[in-house]
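Shown next, in C-alpha cells, is the structure this report addresses.
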Amino acid sequence: MADSQSKPCRTILVTGGTGLVGMAIKEIAEIGNQTNEKWVFVSSKDADLTSEAETCALFEKHKPTHVIHLAAMVGGLFSNLKYNLDFWRINIKINDNVLHNAYKHNVRKVVSCLSTCIFPDKTTYPIDESMIHNGPPHDSNFGYAYAKRMIDVQNKAYHSQHGCMFTSVIPTNVFGPHDNFNLENGHVIPGLIHKVYRAKEDDTPFTIWGTGSPLRQFIYSKDLARLFIWVLHEYDEVNPIILSVGEEDEVSIKEVADMVVDAYEFKGNVFLDTSKSDGQFKKTASNAKLKSLFPDFKFTPIKQALKETVTWFVDNYETARK
Ligand code: NAP
Ligand code: GDP
C-alpha cells in the first residue's frame with residue numbers, strides 16, 4: 001500500500017537524459033536508489049526543447065521539483081568549426097525554454113551544464129570559476145561558448161529577480177560509454193576509439209588529427225555523474241563550479257591517443273595529420289573549489305576509464321552512435 005511517506009518527495013527531470021552524461025547519471029542514480037527521489041530521463045523524442053510549447057508540456061506532464069539540464073547541441077572541434085551559428089541558435093533556444101519553464105513551474109533547483117571550452121582564449125592559467133566572462137572564447141567554438149555563457153547570466157538574473165536556485169557546473173572534455181563516436185561531429189576520445197577500432201579491423205594505419213600537442217583535462221562520464229548528483233544534493237550557490245581532474249592530470253592529445261592504442265593492444269602504424277586543426281591549445285582549469293568542498297572525491301584513473309570505454313564500444317559496436 002502506498003502511503004504519503006513512501007511517495008517520492010523529489011522528482012528530478014534530466015533533460016538530455018539519453019546522451020553520454022545523461023546515461024551515466026542514470027546508471028549512478030539507479031545504484032544510489034534513494035526512495036524519496038523519482039528520476040525522469042528525457043530526450044528530444046519526449047519534447048523538442050527548442051519549442052517553448054513542447055517544453056512547457058513536458059514540465060506540466062512531469063511536474064519536476066528539480067532539473068538537471070544537459071540537453072544541448074553538442075559536438076567536437078570539427079563540428080563547432082562548421083556550425084557556429086547552429087550551436088548558438090539551438091542552444092540559446094533550449095536553455096531559455098528550460099530555464100523559463102523551470103521558473104514558471106516553481107522548480108526548486110536547476111543544475112545546468114557549461115563546459116571548460118567556453119573559457120576565454122587569451123587568459124592566465126589555471127582558469128577558475130570567476131573568469132568565464134573575461135574575454136572572447138576561442139574562435140573555433142564561439143557560437144557554443146557564448147550560448148553556454150548565457151546560462152550563467154540567466155541563472156544570476158533568475159536569482160536576482162525571482163530568488164531562484166538555478167546553478168551550473170563546468171566539466172572538462174567528457175568521455176565514456178554511450179558517447180557520440182561519429183568522426184565528423186564527435187569529440188576527440190570517441191573519435192580516437194572509433195579510428196583505432198577501424199584501423200585494427202581493416203589493417204590500416206591509425207591517424208591522429210592535428211599535431212597531438214594540445215593539452216586537455218578529461219573526465220570520465222561516471223565520475224561526472226557522481227559529481228552531478230553531489231551538486232544536486234549539496235551545492236547551493238548560483239555561481240558555477242568546475243568539475244575537473246587536477247592540473248597535474250592534464251594530458252596531450254598524443255598521450256591520450258597512445259593510451260587508446262594500448263587499451264586495444266593495437267600494433268599498427270600511427271600517423272599525425274597536421275593538416276587538421278588543433279583548436280584551442282589548452283584550457284587548464286583549477287579544481288580547487290571542488291577539492292575544498294568535496295575533498296574525498298576520487299577520480300577513476302584515466303587508463304582504467306579508457307579501457308572500460310573501449311570495451312563498451314567494442315561490445316556495443318552495432319548500436320553505438322557512430
Ligand atoms: P550528447 O551525448 O550529445 O547528448 C545530448 C542530449 O541532448 C541527448 O539526450 C539529446 O537527445 C538531447 N537533445 C539534443 N537536442 C535536443 C532538443 N532539441 N530537444 C531535446 N533534447 C535534445 O551530449 P553529452 O555529451 O551527454 O552532453 C551533455 C551536456 O554536457 C551538454 O550540455 C554539453 O554541452 C555538456 N558538456 C559535454 C562535454 C563533452 O565532452 N561531451 C563537455 C563539457 C560539457 P536525442 O538523443 O533525442 O537527440
Ligand atoms: P575540444 O577539446 O573542445 O577542442 O574538442 P575535441 O574533443 O574535438 O578535441 C579536439 C582536439 O583533439 C584537437 O586538438 C584535435 O586536433 C584533436 N583530435 C585528434 N584526433 C581527433 C579526432 O579523431 N576527433 C576529434 N574531434 N579531435 C581530434
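Data overview
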item	result
Number of the exception - Asn287 against (1) more than 28 Å from Lys82 (Cβ to Cβ); (2) exposed (fewer than 15 other Cβ atoms within 10 Å of the Cβ)	(2)
Residue within the range 150-158 that is modelled with pLDDT of 95 or more, within 21 Å of Ala288 (Cα to Cα), assigned to a helix (DSSP H, G or I) and away from ligand 2 (no atom under 16 Å from the Cβ) present	yes
Breaking point among (1) in a loop (DSSP other than H, G, I, E, B); (2) within 13 Å of ligand 2 (Cβ to nearest atom), for Tyr144	(1)
Some residue of the range 176-198 being in a helix (DSSP H, G or I), modelled with pLDDT of 95 or more and surrounded by fewer than 20 Cβ atoms within 10 Å (Cβ to Cβ)	yes
Matching residues in the range 124-141 - criterion: being touching a residue at least 24 places away in the same chain (Cβ under 8 Å) and in a strand (DSSP E or B)	Ile127
Residues (of a type outside the set (D, E, K, R) and within 16 Å of Pro126 (Cβ to Cβ)) located in the range 278-305	Gln280, Phe281, Thr284, Ala285, Ser286, Asn287, Ala288, Leu290, Ser292
Test for Val169: is it aliphatic (A, V, I, L, M), closer than 26 Å to Thr319 by Cα, within 13 Å of ligand 1 (Cβ to nearest atom) and out of contact with any His (no Cβ under 7 Å at 6 or more places or on another chain)	no
Helices (runs of 4 or more DSSP H) within the range 1-99 that include 2 or more residues within 16 Å of ligand 2 (Cβ to nearest atom)	20-32, 77-82
Number of the exception - Thr55 against (1) at pLDDT 95 or above; (2) surrounded by fewer than 19 Cβ atoms within 10 Å (Cβ to Cβ); (3) of a type outside the set (Gly, Ala, Ser); (4) under 24 Å from Phe166 (Cα atoms)	(2)
Residue within the range 310-319 that is of a type in the set (A, V, I, L, M), outside any helix (DSSP H, G or I) and either in contact (Cβ under 8 Å) with a residue 60 or more places away in the chain or exposed (fewer than 14 other Cβ atoms within 10 Å of the Cβ) (or both) present	no
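The values are calculated or read from the model by the stated rules, or taken from the named source; none is laboratory data. Just so it is clear, the structure is predicted and the values come from calculations on it, not from any experiment. Cβ coordinates were reconstructed from backbone atoms using ideal geometry, including for glycine residues, and neighbour counts include every protein chain displayed.
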